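Before any comments, here is the structure.
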Amino acid sequence: MQIKLTLKKIRGKICSTLAKHSVTHKWPAYWWRKCGYSIGKNASFGSDCLIWAWHHLDADNVVIDDDVSIGPRVMIITRTHPTSQIETHGRTTSSTPAKVTIKRGAWIGAGAIILPGVTIGYGAVVGAGAVVTKDVPPYTVVAGVPARMIKKLEQRNEDKT
């Protein structure tokens with residue numbers, strides 16, 4: 001069992017390293033899928049993106065839908081440390097997982113950071129350098145640290161179904 005776990009960690013490290021160094025816009029999505037993440041069709045990643053999950057063993061905590069565009073140096077983080085002893089019930093714990101979901105048609109600007117437990121809605125836009133700490137509603141533009149709503153976008157006709 002321990003050998004299987006170690007091999008999975010090594011495979012995840014190799015695939016994530018290959019994903020971070022893009023040759024084409026489709027290269028990172030291919031390698032992130034090989035790590036076990038759920039990456040939809042036509043998802044594109046800029047160079048040097050990071051998906052931070054525990055040795056890629058909790059890959060089911062990242063869901064990226066179809067037609068998502070992610071800029072360079074974006075960080076998607078799926079684990080966080082507890083903020084108090086109350087959360088850990090007095091036990092020492094290293095980190096806790098929380099799912100990150102990016103819905104169809106969303107755009108994530110360069111250098112944005114998506115924190116654990118966040119859902120980016122359909123067609124939403126996250127500005128460059130934003131730190132997303134809360135869910136982003138569909139067809140909304142957010143920016144800043146922490147990310148705040150800038151404006152609502154008009155829903156496209158082909159999306160109104």
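Looking at this model, which pairs from K41/K134; K41/K99; K99/K134; K103/K152; K99/K151 are more than 22 angstrom apart at the alpha-carbon?
Listed pairs above 22 Å: K41/K134; K99/K151.
Rounded to the nearest 0.05, what FRET efficiency do I10 and A110 give with R0 = 35 Å and r taken as the Cβ-Cβ distance? Could you check? Don't skip to the end; give the middle numbers.
Numbers: r = 30 Å, r/R0 = 0.86.
The formula returns an efficiency of 0.70 here.
Tell me which residues come under 5 Å, amide H to amide H, from I70 once H is placed; ignore anything under 5 positions away on its chain.
S44, F45, G46, I108
Residues with amide H under 5 Å of I102's amide H, sequence separation 5 or more or different chain, H placed in the peptide plane at 1.01 Å from N; which?
Close amide H contacts, sequence-distant or interchain: V63, I64, D65, I120.
Bear in mind these aren't lab numbers, they're just calculated from the coordinates by the rules spelled out. Being a predicted model, the structure only gives us computed values, none of them experimental. FYI the Cβ positions are ideal-geometry reconstructions off the backbone, even for glycines, and counts take in every protein chain you see.
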